[in-house]
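Trainee: Mind having a look at this structure? Questions to follow.
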Amino acid sequence: MNAVILAVLVMVVLSLLRVSVVFALVLGALVGGLVGGLSLDQTLDAFNSGVGGGAQVALAYATLGAFAVAISRSGLPDLLANRLITLLGKEATETHQARVKMLLLGAVLLVAISSQNAIPVHIAFIPVLIPPLLAVMNRLQLDRRAVACALTFGLTAPYMLLPVGFGSIFLNDILLANLNSAGQPLGLEITRSMVPMGMAIPVGGMAVGLVVALLFSYRGRREYASKDLAMDHAQHVHTPAKPHALGLAMSGVAIVAALGLQLYSGSMILGGLVGIGLLSMGGIFKWREADDLFTSGMRMMALIGFIMISAAGFAEVMKATGDIDALVAGAFEVFGDNRGVAALVMLLVGLFITLGIGSSFSTIPIIAAIFVPLAVQFGFSPMATVVLVGTAAALGDAGSPASDSTLGPTSGLNVDGQHDHIWDSVVPTFLHYNLPLIAFGWLAAMTL
């Protein structure tokens, strides 16, 4: 069996069996490396060379985790909950509560979409803004799987469709550049306007999945225990200060400053540190408590950080085996001259590669060089070629245990330990986004 397929299957099956995702990634990498012809030492060397790529992001998440704990100590979560309860009324009808739920989900979705273009901070806003809202969600009995689906849609669909912010990087700098680079010897030329037009149909499939998730799959009530985030994650018992004007004002300033500085500098670490400093100035905590604060933040984000580090090592091992190219080339030996089967195989190969690597941005350079000549050979139009390569790369970004599009939502929704990464983030987003992407991507490739 191809080493990449086997490694991804080992990783996914172990994760679904509730084995630690970190352990699943490491074991999957070892199995894939050994099956791919690498020795144990070569596999470990490749894994170790890759883990450094995730260390910076892991440190950034630990810093933002400390910032989130500090925010929770400000009394802001309780204030938000009380205000929303007042809005609902003591005897709010089920219809009224459902309306408030949809307004909250809509607000989360708009913020997530804005994080990719208008305010391109990507996932940095989640551990800062989502934890204070958990108390509100608990009172509403809002299913957090719906929130995870809204966040993941906002993190992925905009860069696939809108050529601004991260979408400019994905659509123009990566997808368009690699398509033209691979297509130039074949006389294929893709214009800038073709790319978002071609990706509109697959993104429409994701929109259908979002509607199904919010209005049908996770519309019902789900109970969560009310927990004090600061108490749960603090090393020592800490009684949160009562909300006061200065503390609440500094909390708002700290959130804006953290996100703004991250946008300006590109550093989540710097943004988180500045936010923590402003909260200290507002009297939320004292500087001598900073060690406990960072310990709490690292505890909160430890799993997310180690998954990111392990995923970087997993991806490096997969590349070192050389079996990614063999997977792509071998997949096309089975379908002869059938264009429909060829399009489906391209999409499924992209799904497997991205599930393992965890990044659609990193998948395009791997598959474009092989998919473009095959698409031309099978007579796919330039627009259909855009759809095949773009959708094949995006498949798996939503629904991969190692993708920041699922790790980000989990980092905010699981700060109280009540949101499972695999079953509450990965599986729901996989079902509601990857399946429509395959269907709508295949349809677009066959009709454009």
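The values are calculated or read from the model by the stated rules, or taken from the named source; none is laboratory data. In this text, all values refer to a predicted model and were calculated from it rather than measured experimentally. Virtual Cβ from ideal backbone geometry, glycine too; neighbours counted across all protein chains shown. Note: accessible area is taken over every heavy atom of the protein model, side chains too, but ligands, DNA and RNA are not part of it. Shrake-Rupley method; radii C 1.70, N 1.55, O 1.52, S 1.80 Å.
Trainee: When segment 8-37 is examined, which residues are found to be assigned to a loop (DSSP other than H, G, I, E, B), open to solvent by 30 Å² or more (accessible area, probe 1.4 Å) and either closer than 18 Å to A312 by Cα or of a type outside the set (K, R) (or both)?
Mentor: L17, V19, S20, G37
Trainee: Under 9 Å by Cβ, and 6 or more places apart or on different chains, what pairs join a residue from segment 394-422 that is more than 21 Å from P436 (Cα to Cα) with one that is among the acidic types (D, E) and assigned to a helix (DSSP H, G or I)?
Mentor: Pairs that qualify, where the first residue is more than 21 Å from P436 (Cα to Cα) and the partner is among the acidic types (D, E) and assigned to a helix (DSSP H, G or I), are T410/D424; L413/D424; N414/D424; V415/D232; D416/D232; G417/D232; Q418/D424.
Trainee: Quick check on L80: is it over 23 Å from S425 (Cα atoms), open to solvent by 20 Å² or more (accessible area, probe 1.4 Å), of a type in the set (A, V, I, L, M) and modelled with pLDDT under 75?
Mentor: Spelling it out, L80 is indeed over 23 Å from S425 (Cα atoms), open to solvent by 20 Å² or more (accessible area, probe 1.4 Å), of a type in the set (A, V, I, L, M) and modelled with pLDDT under 75.
Trainee: Mind listing just one residue for me: the one in segment 143-163 that is free of Cβ contacts under 8 Å to residues at least 60 places away in the same chain and not aliphatic (A, V, I, L, M) and, of those, surrounded by the most Cβ atoms within 10 Å (Cβ to Cβ)?
Mentor: This residue is Y159.
Trainee: Here's a follow-up. Which one is farthest from the chain's Cα centre (by Cα) among residues in segment 126-135 that are under 21 Å from G154 (Cα atoms) and open to solvent by 10 Å² or more (accessible area, probe 1.4 Å)?
Mentor: Residue satisfying both the conditions and the ranking: L133.
Trainee: Looking only at segment 111-122, filter to residues that are at pLDDT 80 or above and of a type in the set (V, I, T); which one of those is surrounded by the fewest Cβ atoms within 10 Å (Cβ to Cβ)?
Mentor: Per the criteria, the residue is I113.
Trainee: Please go through segment 85-110 and pick out each residue that is at pLDDT below 65 and under 19 Å from R219 (Cα atoms).
Mentor: Correct list: L88, A92.
Trainee: Determine whether A70 is farther than 23 Å from G209 by Cβ, open to solvent by less than 10 Å² (accessible area, probe 1.4 Å) and either modelled with pLDDT of 75 or more or in a helix (DSSP H, G or I) (or both).
Mentor: Here the answer is yes, as A70 does meet what is asked.
Trainee: Do we have L140 as over 17 Å from the mean Cα position of the chain (by Cα), within 30 Å of I364 (Cβ to Cβ), open to solvent by less than 30 Å² (accessible area, probe 1.4 Å) and hydrophobic (A, V, I, L, M, F, W, C) here?
Mentor: So L140 fails the test.
Trainee: Does segment 164-185 contain at least one residue that is touching a Pro at 6+ places or on another chain (Cβ under 9 Å), open to solvent by 10 Å² or more (accessible area, probe 1.4 Å) and not in a helix (DSSP H, G or I)?
Mentor: yes
Trainee: Does at least one position in segment 428-440 carry a residue that is of a type in the set (V, I, T) and closer than 26 Å to L27 by Cα?
Mentor: Yes, the conditions are met somewhere in segment 428-440.
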